[in-house]
Amino acid sequence: MPSFAPGQPLVMHREAVRPEWIDYNGHMNVAYYVLAFDHATDAMFDMIGMDAAYRDRTGFSTFALEAHVVYKREVAAGDPLRFEAQMLDFDGRFFHYIAKMYHDRENWVAATCEWISCGVDMKTRKPAPLPAEIAAAFQALYDAHRGLPKPPEAGRVIGIKRKAGAAA
């Protein structure tokens, strides 16, 4: 089972912004932020031991149920990215985490993506408790992150902020 540094986010992935991810505004298109976060999630699953061989052998995987992206700063073609994860909650079947996308050279946060996902038995395609060895790895990651402060982007509600007394 992997070990995780207590009180430290998990550095799970690095990659550069690809030229084909750039839109007509000259920065990374919103859809590719989610793709890059998905690449990082796959890397985290590989670290935990839920890689392709494990999925093939056990018939077990995960499905994303909800995601919330916060775009903070633009990134451009060739910018180096670093992805870090913080496990916010885990109950054996569902897991809630937030990933941060950093500009890896300048160390500022470009975006965050908060996720709720669950274990899935691929035979039934329904939520199921994570198999013991994977559940233990998720629990170890959650335990390592329990002392971290909750990021301000976690649990946000989307909406227009209005001044008191302003008409909607």
- Message: Between a residue in segment 65-94 that is free of Cβ contacts under 8 Å to residues at least 24 places away in the same chain and any residue that is assigned to a strand (DSSP E or B) and of a type in the set (Asp, Glu), which pairs come within a Cβ distance under 8 Å, given they are 6 or more apart or on different chains?
- Response: none
- Message: Considering only residues that are hydrophobic (A, V, I, L, M, F, W, C), under 23 Å from ALA110 (Cα atoms) and open to solvent by less than 60 Å² (accessible area, probe 1.4 Å), which ones fall in segment 44-76?
- Response: MET44, PHE45, ALA67, VAL69, VAL70, VAL75, ALA76
- Would you check which residues across segment 1-33 are surrounded by 15 or more Cβ atoms within 10 Å (Cβ to Cβ), among the aliphatic types (A, V, I, L, M) and within 16 Å of the chain's Cα centre (by Cα) and list them? LEU10, VAL11, MET12
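Please verify whether ASP38 is open to solvent by 70 Å² or more (accessible area, probe 1.4 Å), under 19 Å from CYS118 (Cα atoms), assigned to a helix (DSSP H, G or I) and without any contact (Cβ under 8 Å) to a residue 24 or more places away in the chain, treating the condition exactly as stated. Quick ask: steps written out before the conclusion?
Working: open to solvent by 70 Å² or more (accessible area, probe 1.4 Å): no; under 19 Å from CYS118 (Cα atoms): yes; assigned to a helix (DSSP H, G or I): yes; without any contact (Cβ under 8 Å) to a residue 24 or more places away in the chain: yes.
Considered against the rule, which asks whether it is open to solvent by 70 Å² or more (accessible area, probe 1.4 Å), under 19 Å from CYS118 (Cα atoms), assigned to a helix (DSSP H, G or I) and without any contact (Cβ under 8 Å) to a residue 24 or more places away in the chain, ASP38 comes out as no.
The values are calculated or read from the model by the stated rules, or taken from the named source; none is laboratory data. All values reported here derive from a predicted model rather than from experimental measurement. For neighbour counting, all protein chains shown are included, and Cβ atoms are generated from backbone atoms with ideal geometry for every residue, glycine included. Note: areas computed on protein heavy atoms with side chains; ligands, DNA, RNA excluded. Shrake-Rupley method; radii C 1.70, N 1.55, O 1.52, S 1.80 Å.
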